[in-house]
Amino acid sequence: MHRFRNILLVAAAGLCALGGVLWFAFALGASAPVEPSPEGIGGKTAAERRGAEKSRRQKSVRVRERSRVREASAAERARPDLADALSDDEVKMSPKFRALLAEIQAALDADDWKKTVALVQKLQDMGEWPDGIPAALHKAAIAALRWFGSRTAPELVGFLGSEDSEVYGDALDAMMDALSDFDIGDSERSSLLLGYLKVVKDADAISMMLFELNNMRPTVRAETALAIFESGNEVAINALMEELSFYFGDIDDGIEVTDKASLEKYLEKANQMYKDDPDLAESDNDLYGGSDALKDD
């Protein structure tokens with residue numbers, strides 16, 4: 001079995017219809033509306049649904065702040081030491097592997113992510129790739145890529161071809177780190193997720209990856225989900241279908257997102273919401289836009 005990090009997906013409240021009165025606002029920052037009957041969709045009131053959305057957003061903010069603290073103390077983090085790989089018999093016996101490992105370590109020590117990527121690409125272009133490469137060298141290369149975050153995500157995907165479960169697990173963990181990197185904005189996160197789903201078919205891994213929809217603004221989240229429906233990845237489509245109400249239960253306008261068609265309606269409402277409320281659009285850009293958005297503040 002592959003090694004994955006456990007993640008707890010919280011069940012979210014369903015949507016309920018408003019009896020003749022539409023309420024169109026996000027829970028965060030909304031004023032108190034007239035409460036609908038509790039006999040709506042899923043038996044939940046608008047207040048309960050707003051509370052669920054507020055909780056989801058607050059969790060995203062907490063995760064974002066933890067990421068900022070981690071990035072602020074990056075200088076104190078231990079840079080990966082790849083020396084352990086030199087003790088591997090297969091690596092020691094190959095001058096070619098030893099030399100490449102030394103080059104990767106030097107690029108890592110110089111904080112040169114472009115050189116590190118080029119060296120890993122060189123590794124992946126070898127005739128021995130993937131399973132003729134010692135697992136220790138695989139793991140060292142993954143550790144080096146992981147240090148540089150989302151910038152090295154495409155190269156990490158290549159390691160999923162290894163038959164070694166530990167190599168596969170290390171690569172997947174590093175991919176998840178890149179995907180959850182709050183230094184990137186939600187548009188880049190979306191592109192990264194959709195790129196992963198072109199090659200990842202494991203249901204557990206996909207469920208973890210889909211959780212990053214929580215870290216996208218409503219419009220980007222909906223556009224990403226619609227792209228997943230068109231991706232041809234049936235595992236991802238099925239996993240998304242099971243959690244649609246969780247990821248798209250935050251617009252109080254009588255919309256119950258249960259399929260692609262209702263998701264398209266959700267996207268229309270979200271786009272209109274930002275047009276009607278530029279302040280909300282700006283605040284969501286600050287929340288989900290990554291480091292570039294924060295620099296603009």
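Brief remarks on what is shown
- Charge dipole of the range 79-179 (Cα centre as origin; +1 on each Lys and Arg Cβ, -1 on each Asp and Glu Cβ, all else neutral): 420 debye, rounded to the nearest 20.
- Between the range 273-291 and the range 192-264, the Cα center-to-center distance that results, in Å: 21 Å
- Prolate/oblate/rounded call for the range 79-179, Cα gyration tensor, a/c under 1.5 rounded: oblate
- Full extension of the segment from residue 227 to residue 268, taken as 0.36 nm per residue of separation minus the current Cα-Cα distance, would add 13.2 nm.
- Value of relative contact order over the range 79-179, rounded to a whole percent, pairs C-alpha under 8 Å and six or more apart: 26 percent
- In the range 149-184, the GluC sites (Glu not before Pro) that fall in loop regions by DSSP, at most 12 other Cβ within 10 Å: 163
- Label-point gap, in nm, between residue 241 and residue 84 - each point 7 angstrom along Cα→Cβ: 4.3 nm
- Stretch gain in nm, segment residue 187-residue 109, where the contour uses 0.36 nm per residue and the Cα spacing is subtracted: 25.0 nm
A short reminder: the numbers here are calculations on the coordinates, not readings from a lab. Please read these numbers as outputs of a predicted model, since none were measured by experiment. Cβ: placed from backbone, ideal geometry, glycine included. Neighbour counts: every protein chain shown.
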